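Here's the structure we're looking at; comments come further down.
A short reminder: the numbers here are calculations on the coordinates, not readings from a lab. The structure presented is a predicted model; accordingly, all values stated were derived computationally and were not measured. Cβ atoms come from the backbone with ideal geometry, glycine included; neighbour counts cover every protein chain shown.
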Amino acid sequence: MSRTRKLGWLLALYFVQGLPFGFQASALPIYLRDQGVSLRAIGWASMLALPWLAKVLWAPVVDAVWSPRVGRRRSWILPMQIHLAGTCLALALTQSLTPLLVLVFAANLFAATMDVAVDGLAVSLLQENELGLGNTAQVVGFKLGMLTGGGLLVAWSATLGWQGLFVAMAGLIVAVAAFTVFQKEPAETAVEAAGDTPPVGRTILRLLADRRVWALLIVVATYKLGESFADAMFKPFLLDRGYTVAQIGLWLGTWGMVFSLVGSVVGGLLASRFGLFPTLVFTASVRVVPLIGQLLLARDPELGDGVVIAVTSAEHFFGGALTTAMFAFMMSRVDPRIGGTHFTLLASVEVLGKLPIAPVAGEVAHAYGYLPVFTFAVVASVLYLPLLALVRKSPHPRPAEF
């Protein structure tokens, strides 16, 4: 399979996964409020995304059970796409609140399960020199899906209506499913169908017995610590500084997404040109620059709109580049025999590493103001750089090693 075809397929698959997540994160609160739902209930509705955190629990099943005739990964990807499209059509027909919330949870469940299989496909599909561009397709595809499901279709819902939004999502998913039907998994994974795949649980336990794996988990869990700490309070900071909701939405929501997408592409290109680890070090280093800019904004109230826009754009650009570099590096350390489970484990650690940050940042800002928040973000990001030495020489896992 050509590189262009690989990247196009992965981009389309990750785009589909981003659709329900984008709706869950961005559009659902608007939809619920439009239906008169209380703010407290809207807050709890975020728990509907729980499958994205819990998918590691059933990832071994996705790795271990499949049909040799259909393909190891397509055995899960195609059914999940069909279920996801059907769920979107059911959402279009739903009038009451409780069934709607159940269906949104189901959509997240199907998309998260599909994500395990797609990650495993990417591990098998991509060669070493393709990981940078492959993870660009991963990150950019997912972000475009989020932007479509949580932004563009919501904007068009004024014309289409909410029912039309769900039908449009279903149509996009069906189109990608039709494309997937005609794709073939790489021939080198045919040995997996012959039963050469080891027991997933046993292999994971052997991996976790290796100190190098724990070093990788630490690096993955902490790479966004400082950035997430600052991000949690940057919007409230700008609002308290006197900027309008419209300005913040334009600078962080629209322009920020554009710069994040461009940064993700640049991160993948750098990884392909200069290697995964050097790109990871470089992007983690330059990521400190916009965090210093946020700290300067907190120290000097006289800095104007131009500085805010520059800092915001740089933060999203370098953050996007670092995300692509980290995900490519993570994928290079995955055992391809259990690619779906192994990568899902790393991705879950990445999510869990960011999960408790926002509440802590809020408590610090409430008690001491914004300056300590942005100071900690800079310090944590600088202190993170030496941690990268822990994984500099971590070898690629090979079946013979485990």
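Under 17 Å from the Cα of K6, which aspartates and glutamates turn up, not counting those fewer than eight places away in the same chain?
Result set, ordered by chain and number: D115, D119, E128, E130, E185, E188.
Within the stretch 263-303, list the residues whose amide N lies under 17 Å from a label point set 7 Å along Cα→Cβ of L385.
277-295
Could I have the simple spin-label model distance between R5 and V258, label points 7 Å from Cα toward Cβ, reported in nm to one decimal?
Those two pseudo-labels are separated by 3.5 nm.
Just list whichever of K143/K224; K354/K393; K143/K184; K184/K393 have alpha carbons separated by over 27 Å in the model shown. Numbers along the way, then the final one.
Details: K143/K224 17 Å; K354/K393 25 Å; K143/K184 25 Å; K184/K393 34 Å.
Cα-Cα > 27 Å for K184/K393; rest within.
So how far, in whole Å, is the C-alpha centre of the stretch 94-130 from the one of the stretch 289-358?
Computed from Cα coordinates, the inter-centre distance equals 22 Å.
If a paramagnetic tag sat 7 Å from the Cα of A155 along the Cα-Cβ line, which residues of the stretch 232-269 would have the backbone N under 13 Å from that point?
250-251, 253-258
Rank these for me by crowding, T98, T283, going from fewest to most other beta carbons within 10 Å.
Values: T98 8, T283 24.
Result, fewest neighbours first: T98, T283.
Is it possible to state the helix-based mean residue ellipticity at 222 nm for the chain, with each DSSP H run of 4+ residues giving -39500 (n - 2.57), the sum divided by total residues, to the nearest 500 deg cm²/dmol? What is it? Intermediate values should be presented prior to the final figure.
Details: 20 runs with 292 residues, N = 402.
Estimated from H runs of four or more residues: -23500 deg cm²/dmol.
Pick out which of H83, H342, H316 has the largest mean-square fluctuation in a Gaussian network model of the chain, springs linking Cα atoms closer than 10 Å.
Top of the fluctuation ranking is H83.
If you take all C-alpha pairs in the stretch 92-243, what percent of them are over 21 Å apart?
Working: 7803 of 11476 pairs.
For the stretch 92-243, the fraction of Cα-Cα distances above 21 Å is 68 percent.
When the chain is treated as a GNM, springs tying every alpha-carbon pair under 10 Å, which of Q35, Q24, Q138 comes out with the largest mean-square fluctuation?
In the Gaussian network model the winner is Q35.
Run the numbers for D300 and W58: contour at 0.36 nm per residue of separation, minus the present Cα-Cα distance, in nm. Show your work: numbers first, answer last.
Details: separation 242, 0.36 × 242 = 87.12 nm, distance 4.95 nm.
Full extension of this stretch gives 82.2 nm more.
Taking 0.36 nm per intervening residue step and subtracting the Cα-Cα distance, what contour gain separates S26 from I292 on full extension?
92.9 nm
Let me make sure I get this right: for the chain, a, b and c are the square roots of the gyration tensor eigenvalues over alpha carbons, sorted descending. Under 1.5 in a/c it's rounded, otherwise prolate if a/b > b/c, else oblate. Which is it?
Details: a/c = 1.81, a/b = 1.16, b/c = 1.56.
Because a/c hits 1.5 or more and a/b fails to exceed b/c, the chain counts as oblate.
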